[in-house]
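*Asks:* Next up is a structure, given as structure tokens.
Taken together, the values in this text are just the output of simple stated rules run on the coordinates, not laboratory data. Please read these numbers as outputs of a predicted model, since none were measured by experiment. Methodologically, a virtual Cβ is constructed for each residue, glycine included, from the backbone with ideal geometry; neighbour enumeration extends over all protein chains shown.
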Amino acid sequence: MFSVRRRCSLNIDKRQNRPFVEITANGSNIPLRGENWQERWCSLPISEEYFKRLYEFEVKDDDLYVVTFPKCGTTWIQEACWLLVNNLNFAKANAEDLPFRSVFMDLSALYTNIPKNTIDLAEQAASPRVLKSHLPAHLIPKQIWQKKSKIVYCARNPKDMVVSYFHFHRGLGTWQGDINEFVEDLINNDIMYCPYWEHIMDFWRMRQEQNIFFTTYEDMKRDLRSVLIQLNQFLERPELSEEQLQQLEKHLSFEQMKANKRVNPTFNIKSGHGSPNVRADFEFMRRGVVGSHKDELTPEIQKKLDDWIAEHLKKINIKLEDIFGII
């Protein structure tokens, strides 16, 4: 069972130029106890009909699901997963765009000018499928939890995430305010896919489950090789040789990823396959660094985020570095 209700927020209508709804579902079979999933709402510009198709999506036994909150290293970990699942098929990776090799299931719900329905594409994809979603744990296809499908989850520290997410929406033309207003709306759960903390903490708490691989953007920046080795083991793939690891590390470097039109959709988005109001200076991949908030956010905004972070982490008695390491 799931529920959809109109999101009542003047900020969403004023700054994001599209109607939002709040969605919840009963969260059956999720291996977390004591949660009232019916009180967990996620803000999205999505129709009830489209969400029903997502929630009822037919899961296959060999599916792999890449799940993240937006702007948390999704494309990076997604490309790594696809290559490992597909025996390092660099020839295909360099010949076909990532969104067709690894479908973003939610995409058609978010933007009106996507040429093909992304649920249809996901259904038609050849196995083994590597499918992407930004939905929180209780809203991803329910059969994932019933069948215990493999999930790879990548998190990112909230201060860097918010910088990247702001520039993403500003560049697409789907955000009309400044970064201070964006932070306010994120804190108030008025940004797409919010709330952030519940999104990442549900998966962090499930990180010991056999079907879940939890990593962070920061871990990948610190030691990509170690993450790739662990991910390869989780996916039960043959051991990687030194030469294969070097190939992967080179292909997945930020410089290579940003220059690679097969994984960096900047050109396609500017060509009209995205928001109709995209800005000329839009960049899907910008800096690719840890700690970008230090030189992009004012001390006042950083303090506001620090207070928000402390408020949420106090509830579960952990520190930010317990998840992301020293930032």
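*Asks:* Report relative contact order for the chain in percent, whole number only (criteria: Cα-Cα under 8 Å, sequence separation at least 6).
*Replies:* That works out to 22 percent.
*Asks:* OK, next. So what's the gap between the Cα centers of the range 54-79 and the range 106-161, to the nearest angstrom?
*Replies:* The range 54-79 and the range 106-161 have Cα centres separated by 4 Å.
*Asks:* Same structure, new question: Quickly work out the residue 210-to-residue 247 label distance, labels modelled 7 Å from Cα along the C-beta direction, and quote it in nm with one decimal.
*Replies:* Between residue 247 and residue 210, the label points sit 3.1 nm apart.
*Asks:* Could you pull the Cα extents of the range 29-84 along its three principal axes, largest to smallest, in whole Å?
*Replies:* Projected onto its principal axes, the Cα set of the range 29-84 covers 37, 29, 25 Å.
*Asks:* Once you have the Kirkwood Rh of the range 103-229 from its Cα pairs, apply Stokes-Einstein at 25 °C and 0.890 mPa s and quote D in µm²/s.
*Replies:* Translational diffusion coefficient: 148 µm²/s.
*Asks:* What share of Cα pairs, in percent, lie more than 16 angstrom apart in the range 69-119?
*Replies:* 47 percent
*Asks:* What number in nm² do you get for the range 117-191 if you take the convex hull of its Cα atoms and divide its surface by four?
*Replies:* Mean shadow area of the hull around the Cα atoms is 6.7 nm².
*Asks:* Collect residues whose amide H, placed 1.01 Å from N in the peptide plane, falls under 5 Å from the amide H of residue 152; neighbours closer than 5 in sequence don't count.
*Replies:* Residues meeting the amide H criterion: 65, 66, 67, 213.
*Asks:* Applying the Karplus parametrisation 6.51 cos²θ - 1.76 cosθ + 1.60 with θ = phi - 60° to the phi angles of the range 172-182, what ³J(HN,Hα) value in whole Hz is obtained for each residue in order, glycine and proline being reported as x?
*Replies:* Taking θ as phi minus 60°, the curve returns 6, x, 9, 9, 10, x, 9, 5, 4, 5, 4 Hz for the range 172-182.
*Asks:* Taking the Cα atoms of the chain alone, what are Rg (to one decimal) and Dmax (as a whole number) in Å?
*Replies:* For the chain, the Cα radius of gyration and maximum Cα-Cα distance read 18.7, 55 Å.
*Asks:* What FRET efficiency would be calculated for the residue pair residue 95, residue 127, taking the C-beta separation as r and a Förster radius of 25 Å, to the nearest 0.05?
*Replies:* Between residue 95 and residue 127 the formula returns 0.80.
*Asks:* Next question, about the same structure. How big is the Cα convex hull of the range 160-263 in projection, averaged over all directions, in nm²?
*Replies:* Mean shadow area of the hull around the Cα atoms is 8.6 nm².
*Asks:* From the phi angles alone, apply the Karplus equation (6.51, -1.76, 1.60; θ = phi - 60°) to the range 297-314 and give each ³J(HN,Hα) in whole Hz, x where the residue is Gly or Pro.
*Replies:* 10, 5, x, 5, 5, 4, 5, 4, 5, 4, 5, 5, 4, 4, 4, 7, 6, 4
*Asks:* Output ³J(HN,Hα) for the range 216-230: one whole-Hz value per residue in order, computed from phi by the Karplus curve 6.51 cos²θ - 1.76 cosθ + 1.60 with θ = phi - 60°, and x for Gly and Pro.
*Replies:* Each residue of the range 216-230 in turn: 10, 4, 5, 4, 5, 6, 6, 7, 4, 4, 4, 4, 5, 5, 5 Hz.
*Asks:* State which stretch of the chain is the longest one without any exposed GluC sites (Glu not before Pro), exposure meaning a DSSP loop state and at most 10 other Cβ atoms within 10 Å.
*Replies:* Looking at the chain, 59-235 is the longest stretch - no exposed GluC sites (Glu not before Pro) with at most 10 other Cβ atoms within 10 Å.
*Asks:* Can you tell me the convex hull volume per residue for the range 186-327, based on C-alpha atoms, in Å³ to the nearest whole number?
*Replies:* Cα-based convex hull of the range 186-327, divided per residue, equals 162 Å³.
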